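See below for the structure under consideration.
Derivation of every value follows stated rules applied to the coordinates shown; laboratory data play no part. Just so it is clear, the model here is predicted, and its values are computed rather than measured. So basically every Cβ, Gly included, is an ideal-geometry build from the backbone, and we count neighbours across all protein chains shown.
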Amino acid sequence: MTGKKDTFNEEFANLRNEMIRDKVSEAVRDNPGNYREALEDIGFTWFDDEYPSEEEEENAAVPVNDRQRFLVSYFEEQVLLSEAVINALLSEHKAEKLNDPLIRRYFRTANKPLKKLILAGLENDPTNLDLLTDLIFFHEFERNLPQLITHLTRACRLENDLQRFSEITREFYYGTLADSYHALAALQEIFDKDSDKRKIIDYLISEAASNDQEEIEF
């Protein structure tokens, strides 16, 4: 009995879907210039699923605490660069509630004080992953591949923690991929074949090749 009922329900659903498709096709065919209203006449309801663009979010963003107001003052050249400004940016990275649109606005405009801040922070801490990814992101809006390569290569040379080295190397690879720079191949030439860093690089190369192959097969 249950099997017959399931079959009936399935047949009914198929028939209903076929009828809906026919009505939609007819509405669009008979009203090519105003099919939206014609579809509403047969029961369709339109929902606005548009979301604000990143630029709209950035333009609407405002500082919500003293640290963010301090950073904005620096970005607007009302405050001089200092260790306090560097620490404010690093603290913003670690904040529980991020205000990404606010900070992203200054990346998008290639804000010169922001670039100066990132580079100053890397002079103090050349392997800081937050600052390195900031530099990579800044590169999207102000292309400077030689500078990016210099800082990321130096970070790979200096970082002795293998987990952090792996993370920096990955960021290096993906951050310069759009520039057709082969970061992993370049790093291969730097480190000895039997070193732990070289083994990580070799693994990442095989991983990248495997991912490329999967994309081709897909």
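So what's the net charge close to residue 201: Lys and Arg +1, Asp and Glu -1, counting the other residues with Cβ under 15 Å from its Cβ? Result for the local shell: -2. Karplus-derived 3J(HN,Hα) values for the stretch 188-197, using 6.51 cos²θ - 1.76 cosθ + 1.60 with θ = phi - 60°, are 4, 6, 8, 9, 4, 4, 8, 6, 5, 5 Hz; glycine and proline are entered as x.
By the gyration tensor of its Cα atoms, with a ≥ b ≥ c the square roots of the eigenvalues, what is the shape of the stretch 92-215: rounded for a/c under 1.5, prolate for a/b over b/c, or oblate? Verdict is prolate for the stretch 92-215.
Find, among the GluC sites (Glu not before Pro) in the stretch 78-143, those assigned to loop by DSSP (not H, G, I, E, B) with at most 11 other beta-carbon atoms within 10 angstrom. Don't jump to the answer; show the numbers that get you there.
Details: sites: 83, 92, 96, 123, 140, 142; in loops: 96, 140, 142.
Those satisfying the criteria are 96.
Positive contributions from Lys and Arg (+1) and negative ones from Asp and Glu (-1), summed over other residues with Cβ under 14 Å from the Cβ of residue 148, come out at -2. Compared with the alpha-carbon gap, the fully stretched path from residue 211 to residue 190 is longer by 5.1 nm at 0.36 nm per residue.
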